[in-house]
Amino acid sequence: MTASRQQKWYWVCQAIGWTCYLFIGLLMSFLFFKKQAGMYAVQFVGTAIFFGTTHLQRHLNCKHRWLELPLGKMVLLVLAYNAVASLTCQLLVCLFMLSIGMFSLKEFSFGYLVMYSANGLVILSFWSTIYFAFQAIQRWKEKEVEAWKLQLSLKEAELQAIRSQLNPHFLFNSLNNIRSLVLVDQTKAREMITRLSAMMRYVIGYNRNNLVSVAEELDFLDHYVALEKIHFEDKLDFSSQVEASVKNAAIPPLGIQLLVENAIKHGIGTQAKGGRIQLSLNRQNGHLRVQVENTGILDASSASKGIGLQRLLERVAHSLDQPGNFALTQTSDNSVTATLTLPWKDYENLHR
């Protein structure tokens, strides 16, 4: 509900509620105080004062954010306000009744003041209960809407991040390589076009839970490496060791591909003679360990996490509900190893 609509309904409810209260007061005066015509005026004055005190309470709540206080503290604050407001209302009504001569100062009864103040406290507390309950429900609904909006924007951002991870240079190189391949080996060119099409379908239609199985990711990686081998020819030697048990593990889309892409870009791509890439996946201490070892020298400037890896770790934390870990080390004189450790989750169990 918009702020203007809330404002409108507030005034409508105030008008209806206090009009009903005034009507009841006038009816009671007619039934029990027929000989005191001034009681009708007292009902109007009392209703107007109650109306003003409730509106002041709303103003104080909006200004000082009473709803954000701890529940116990808020309840005590509202009760204290209502007690003071009710006593003030009855004192003002008494002054009005004195001014129009309905009773003299000697006839003033402190007991009646306390009794009517207690009655006013009940009425104001009833109003406060309805008002704050409505406000609490509205806040809860707004938070629910905000949570859904945040989740939607996060999913959209993740989708954009996943789609943007497929390097545009790779696409251009693949298309140029396929174009050249058409003149040499049309059968292989058709195969590469099919692989590129499968890759694009995977990226565009990724799992809505932001998770895929390792088996699906490896199929995508197979297409990716096949296309890269056209570009690097014999300079790229790729092999993998994958435990059968890890193929059902859940992983964010393009998680493995990103590590292999970095190995090609920062490792094989910098070597005149090319090199090898060894991928290994296994389950270790309740985690999925993805390890990519490639030929190359670790550059100190590239040892820190890039934007792609940062986004990948953010997706891991969001999709798997636990943080992941990434490490990049120089394991030998001419070998660099990237290790991504993810919390283990069975992909099939997520969809039951």
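The values are calculated or read from the model by the stated rules, or taken from the named source; none is laboratory data. Predicted, not measured: the structure shown is a model, and the values here were computed from it. Note that we place each Cβ from the backbone using ideal geometry, even for glycine, and neighbour counts take in every protein chain shown. In case anyone asks, the SASA skips ligands and DNA or RNA and just uses the protein heavy atoms, side chains included. Shrake-Rupley method; radii C 1.70, N 1.55, O 1.52, S 1.80 Å.
Could you list, in sequence order, all residues of region 327-350 that are under 15 Å from N282 (Cα atoms), open to solvent by 20 Å² or more (accessible area, probe 1.4 Å) and outside any loop (DSSP other than H, G, I, E, B)?
Across region 327-350, the qualifying residues are T339, T341, D346.
A quick yes/no check of all residues on (1) modelled with pLDDT of 85 or more; (2) in contact with a strand residue (DSSP E or B) (Cβ under 9 Å, 6 or more places away or on another chain); (3) under 25 Å from H223 (Cα atoms):
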site: G275; (1), (2), (3): yes, yes, yes
site: L298; (1), (2), (3): no, yes, no
site: G306; (1), (2), (3): no, no, yes
site: G324; (1), (2), (3): yes, yes, no
site: T341; (1), (2), (3): yes, yes, yes
site: R352; (1), (2), (3): no, no, no
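Go through (1) closer than 22 Å to Y40 by Cβ; (2) in a helix (DSSP H, G or I) for S125 and report which single condition fails.
Only one criterion is unmet by S125, namely (1).
What's the number of the only condition in (1) under 11 Å from N82 (Cβ atoms); (2) in contact with a Phe, Trp or Tyr (Cβ under 9 Å, 6 or more places away or on another chain) that F132 fails to meet?
(1)
Quick check on my filter: what residues within region 267-286 are closer than 26 Å to A215 by Cα and open to solvent by less than 70 Å² (accessible area, probe 1.4 Å)?
Selection gives G267, I268, G275, I277, Q278, L279, S280, L281, N282, G286.
Considering only residues that are surrounded by fewer than 15 Cβ atoms within 10 Å (Cβ to Cβ) and either of a type in the set (F, W, Y) or assigned to a helix (DSSP H, G or I) (or both), which ones fall in region 228-264?
Matches in region 228-264: E233, D234, A244, S245, N248.
If we scan region 12-21, do we find a residue that is surrounded by 10 or more Cβ atoms within 10 Å (Cβ to Cβ), among the aromatic types (F, W, Y) and modelled with pLDDT of 85 or more?
yes
Is it the case, given these coordinates, that M97 is buried (at least 17 other Cβ atoms within 10 Å of the Cβ) and modelled with pLDDT of 85 or more?
So M97 passes the test.
If a residue has to be open to solvent by 70 Å² or more (accessible area, probe 1.4 Å) and of a type in the set (A, V, I, L, M, F, W, C) to count, how many in region 101-124 make the cut?
6
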